[in-house]
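Working notes, structure below.
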Amino acid sequence: MSDDKKSDSLQPEEIRSTGSPLSAKHRPRTDGASSSVAVGSLSMKRPQGFFEERSLPAIEMTAGRLRHLTRRDVLLFGAGAVAALAGGGFLLPQDTLSRLGVRRNMDSPGKEWFLNRALRFDDDVAEALYSENRIVPTYTKSQITPLKNNYNGATPDPAYISGWNLTLDGLASGLSISLDIRNLKTRFSIHEQITRLVCVEGWSAIAWWAGLRFDDLLRAYPPISQAKWARVESSVNLDASGNPDPYFVSIDLANARHPQTLLATHLNGQRLTVDHGAPLRLLVPVKLGLKNVKAVTKITYSAEEPRDYWAERGYSRYDGI
């Protein structure tokens, strides 16, 4: 039996009568030698554990020394705050600086280089953290929220739908395949999911989607063996003035094969409308909304990363969430 267990077995009367876990029968004698031994043994400190909190040592200094250190710390903090503001101001957009009263043009190649490097680093980290096992949350039909028409530019005229088809290029077969919406709906299983669409502008919406899995399309029409990327394009996209403005994004095949990545044909139990990308749109819940191309007309596979509409305009190329 351990010493701790022996102490636990002492009766309360013994503890109260001695003030310590020593029985009355074993109280130390009061002669000098044995008294010093007893006092020494009772005052011994238990060894401190590695993670146990230690008391802080007392520090003594004069009032003048304390004032000197305090003044120095305030000056250092102020200098650091000014440097942080100056650095942050260098990185702010020129329009923002102008509103703050800074008239000098702060745009420079160095600023653009720094921001691009930071954006690329962020993309690389997001790409490294990707996992096909990371599933975004799903919701119930009672949680569905309105999804607004957020077309990049003007909403196309519905007349394009009658002649719509999906073209596949960069296939292992060396062929260019053209599929209409009936081919897609009859050949592939339709999957449903209720997920959140997150816009880069700061809003989001929960919607009920249905369509074929991108991965099923890849299996049915395999890309070239060295392919790592897909360029997804909408040739019917318009700019704000209603002029042709093809929209295209890059998506790596790992994200295309994600089990929640769909080529959607339905929204909230109904066929897609023109506002939401009829008759086929890309849905990638692990990406921001700007990657979710409406009215997809062409998919091209390639070994090298293809062009991306917003990356060419200074935005992220990866756009993961």
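The values are calculated or read from the model by the stated rules, or taken from the named source; none is laboratory data. Because the structure is a prediction, the values reported are computed rather than measured. Here Cβ is always computed from backbone atoms with ideal geometry, including for glycine, and neighbour counts include all displayed protein chains. Please note that ligands, DNA and RNA were not included when accessible areas were found on the heavy atoms of the full protein model with its side chains. Shrake-Rupley method; radii C 1.70, N 1.55, O 1.52, S 1.80 Å.
For the range 201-286, max minus min Cα coordinate along each principal axis, in Å, sorted largest first?
40, 31, 26
Using the Karplus curve 6.51 cos²θ - 1.76 cosθ + 1.60 with θ = phi - 60°, what ³J(HN,Hα) values do you get for each residue of the range 180-195, in whole Hz, with x for Gly and Pro?
Each residue's phi maps through the Karplus curve to give 9, 5, 5, 4, 5, 6, 8, 7, 10, 5, 9, 10, 10, 7, 10, 9 Hz.
Can you tell me how much longer the chain between Ser55 and Gln226 gets when fully stretched, taken as 0.36 nm per residue apart minus their C-alpha distance, in nm with one decimal?
55.3 nm
With a 1.4 Å probe and all protein chains left in place, how much accessible area per residue does the range 191-274 have, in Å²?
For the range 191-274, the per-residue accessible area is 41 Å².
Using heavy-atom solvent-accessible surface (probe 1.4 Å) with all chains present, what is the largest-first order of Trp209, Trp203?
So the residues, ranked largest to smallest area, are Trp203, Trp209.
What order do Leu263, Leu69 take when sorted by accessible area (1.4 Å probe), most exposed first?
Largest to smallest exposure gives the sequence Leu69, Leu263.
Given Cα pairs under 8 Å that are at least 6 residues apart, what percent is the relative contact order of the range 197-321?
Averaging sequence separation for qualifying contacts and normalising by length gives 33 percent for the range 197-321.
So, in nm, how far is label Ala303 from label Tyr130 when the simple model puts each one 7 Å beyond its Cα toward the Cβ?
For Ala303 paired with Tyr130, the spin-label model returns 1.9 nm.
Taking Cα pairs under 8 Å and at least six residues apart, what relative contact order does the range 217-279 come out at, in percent?
Relative CO of the range 217-279 lands at 23 percent.
If packing is taken as the average number of other Cβ atoms within 10 Å across a peptide's residues, how do 178-189, 301-312 rank, most packed first?
Order by mean packing, descending: 301-312, 178-189.
Would you mind calculating the gained length between Arg219 and Asn150 on full extension (0.36 nm times residue separation, minus the Cα-Cα distance), in nm to one decimal?
Roughly 21.7 nm would be gained on extension.
Quick one: accessible surface of Glu127, probe radius 1.4 Å, all protein chains present, in square angstrom to the nearest 10.
Roll a 1.4 Å probe over it and Glu127 shows about 70 Å².
Given labels modelled 7 Å from the Cα in the Cβ direction, how far is it in nm from Arg182 to Arg196?
4.1 nm
Calculated FRET efficiency, Asn243 and Phe77, Cβ-Cβ r, R0 41 Å, to nearest 0.05?
On the way: r = 54 Å, r/R0 = 1.33.
Efficiency, rounded to the nearest 0.05: 0.15.
Using a 7 Å offset from the Cα along the Cα-to-Cβ direction at both Trp203 and Thr62, what is the distance between the two label points in nm, to one decimal?
The answer from the label model is 6.7 nm.
First compute the accessible area of the range 141-280 with a 1.4 Å probe, then give the percent of it belonging to carbon and sulfur atoms.
Using a 1.4 Å probe with all protein chains present, the range 141-280 comes out at 48 percent carbon and sulfur.
Using packing as a proxy for protection, rank 247-254, 283-290 so that the peptide with the highest average count of other Cβ atoms within 10 Å comes first.
283-290, 247-254
Express in Å², to the nearest 10, the accessible area of Arg67 obtained by rolling a 1.4 Å probe over the protein heavy atoms while all chains stay in place.
Answer for Arg67: close to 150 Å² accessible.
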